[in-house]
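The values are calculated or read from the model by the stated rules, or taken from the named source; none is laboratory data. Keep in mind it's a predicted model, so treat the numbers as computed, not measured. Cβ coordinates were reconstructed from backbone atoms using ideal geometry, including for glycine residues, and neighbour counts include every protein chain displayed. With ligands, DNA and RNA removed, areas are computed over all heavy atoms of the protein, side chains included. Shrake-Rupley method; radii C 1.70, N 1.55, O 1.52, S 1.80 Å.
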Amino acid sequence: MVDLSTTYLGVKLKNPLVVSASSISNHIDTVKAAENAGAAGLVIRSLFEEQIALEGHYLLERAEREAESLVEASNSYFPSVKHGGPREHLMWVEKTRQAVKMPIFASLNAVTPGAWVDYARQLTDTGVNGLEVNFYFVATDPARSGADIEKSLYEVVENVRAATKLPIAVKLSPYFTSIVNVVSELEKRGVNGVVLFNRFLQPDIDADTESVYSEMVLSTPAEMRAPLRWVAILHGRVGLDLCLNSGVHSGTDAIRALLAGANAVQMTATLLKNGIPYLSTMLINMQDWMTEHNYEKLSDFQGKLSQKHCDDPFAFERAQYVKLILRQGL
Ligand SMILES: Cc1cc2nc3c(=O)[nH]c(=O)nc-3n(C[C@H](O)[C@H](O)[C@H](O)COP(=O)(O)O)c2cc1C
């Protein structure tokens, strides 16, 4: 029997398959189904900075209204929002944590340093095993440089690091000029792992109605190429854990991620498309591949095809593009 166990963010996982933040965590039944299918862990859908800001805004407005209408406003007039926004989220995280045995990770989605960081502390108190910080940002201001945006990312991360002792992973977008530099700066700030990559929902334009619309389009396996490249480049260059996300649709995809140097993979689309029990098929496929290739444990082949260890390191760089064009006459 092959050993699929791995370590991610200092947490021992029985295998590298983690369910990424998504609607799968919206119901205890589906979380349990993931555990029963063999998932090694699960990330709960994100708590968004905007949700927290909205609640803060609501509380302030309400307090101001009540202060105006009553001669003496005291703390007792503040509404107790037990089931609204972030509080409801915290309760949900706690409930999910208690419902299953597998490691559970919470997710905070934030782009500006701010008061919301207190929720990193509150999420810690729910008993989760780690915290994922999703830095989901679409830069539109011509006056803001990439360096400036990276500075915000580091401030967010420093604030979260100071607020919790939990292991932290940062879920990054692929749109940084120097991903390797950003990841090593995150490592210097005490981040334990990175999730590569966050998948942006791209808005589209309907030519008939001349309108902009957004819809949930699930990933395809081809989307795994970008994170695969960056995991392969990062492996051996940084010390933190690498979790590949986007486009992992099969057990073979997970094996490819491990060959590139990933410690774990996350996925959602394949489970929404094929059903949560499909995760067990992925695990069987991984075991079969390892048996066929005479590997007993993941470390026997993890990072074997990373840029540092593969036969053709230029395959991960521009040179390969040139070679392909010249060879195939494209
Ligand atoms: C329905 C749905 C909800 C999602 N919600 C979140 C979320 O709350 N936070 C987050 O960081 N990512 C969220 N994601 C993104 C996934 O975690 C994942 O990064 C993305 O789907 C790429 O992985 P995949 O190719 O395996 O689907 C969501 C994705 C889907 C499809």
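Given the options A232, A257, A222, state which has the largest fluctuation in a GNM of the chain using a 10 Å cut-off (strictly under) for Cα springs. Among A232, A257, A222, the largest GNM mean-square fluctuation belongs to A222.
Measuring with a 1.4 angstrom probe and ignoring ligands and nucleic acids, T220 comes out at about 70 Å² accessible. The distance between label points at K273 and T177 comes to 3.5 nm (points 7 Å beyond Cα on the Cα→Cβ vector). For the chain, modelled as a GNM whose springs connect Cα atoms under 10 angstrom apart, the maximal fluctuation among D300, D208, D288 occurs at D208. The residues packed around D241, meaning those with a beta-carbon under 14 Å from its beta-carbon, carry a net charge of +1 if Lys and Arg are +1 and Asp and Glu are -1. Using a simple spin-label model with pseudo-atoms 7 Å out from Cα toward Cβ, D288 and I325 lie 4.0 nm apart.
The convex hull of the Cα atoms of the stretch 102-256, projected and averaged over all directions, covers 11.4 nm². Accessible area per residue (1.4 Å probe, heavy atoms of protein chains only) ranks L244, L218, L283 as L218, L283, L244, with the largest value leading.
Note on the stretch 192-210 and the stretch 217-249: Cα centroid distance 17 Å, given to the nearest whole angstrom.
When its C-alpha radius of gyration is set against 2.2 N^0.38 Å (N residues), the chain gives a value of 1.09. Which angle between 0 and 90 degrees, to the nearest 10, do you get for helix 28-37 versus the longest principal axis of the chain when only C-alpha atoms count? With rounding to tens, the tilt is 20 degrees. Positive end of the dipole of the chain (Cβ unit charges, origin at the Cα centre): among A226, A110, M1, the Cα lying farthest that way belongs to M1. Only one residue of L324, T126, L42 has its Cα farthest out toward the positive end of the dipole of the chain, where Lys and Arg carry +1 and Asp and Glu -1 on Cβ, and that residue is L324.
Think of the stretch 132-176 as a dipole: +1 on every Lys or Arg Cβ, -1 on every Asp or Glu Cβ, centred on the Cα centre; then among A139, P174, T164, T164 lies furthest on the positive end. Only protein heavy atoms count here; under a 1.4 Å probe, E94 has an accessible surface of about 80 Å².
Separation of the alpha carbons by more than 19 angstrom is noted, of K14/K95; K165/K188; K14/K273; K151/K171; K12/K273; K14/K304, for K14/K95; K14/K273; K12/K273; K14/K304.
Counting only protein chain heavy atoms and rolling a 1.4 Å probe, the accessible areas of V43, V2 rank, largest first, as V2, V43. Using the empirical formula 2.2 N^0.38 Å as the baseline, the Cα radius of gyration of the stretch 219-325 reaches a ratio of 1.09.
To put it simply, the accessible area of the chain at a 1.4 Å probe is 54 percent carbon and sulfur. Averaging the sequence gap over all C-alpha pairs within less than 8 Å and six or more residues apart, then dividing by the number of residues, gives the stretch 221-287 a relative contact order of 33 percent. Charge dipole of the chain (Cα centre as origin; +1 on each Lys and Arg Cβ, -1 on each Asp and Glu Cβ, all else neutral): 1160 debye, rounded to the nearest 20.
The residues packed around N129, meaning those with a beta-carbon under 15 Å from its beta-carbon, carry a net charge of 0 if Lys and Arg are +1 and Asp and Glu are -1. Counting only Cβ charges, +1 for Lys and Arg and -1 for Asp and Glu, the dipole size of the stretch 229-317 around its Cα centre is about 260 debye.
A 1.4 Å probe run over the stretch 155-305, with the rest of the protein chains in place, finds 46 Å² accessible per residue.
Remark: the stretch 166-268 carries a charge dipole of roughly 700 debye about the Cα centre, counting +1 on each Lys and Arg Cβ and -1 on each Asp and Glu Cβ.
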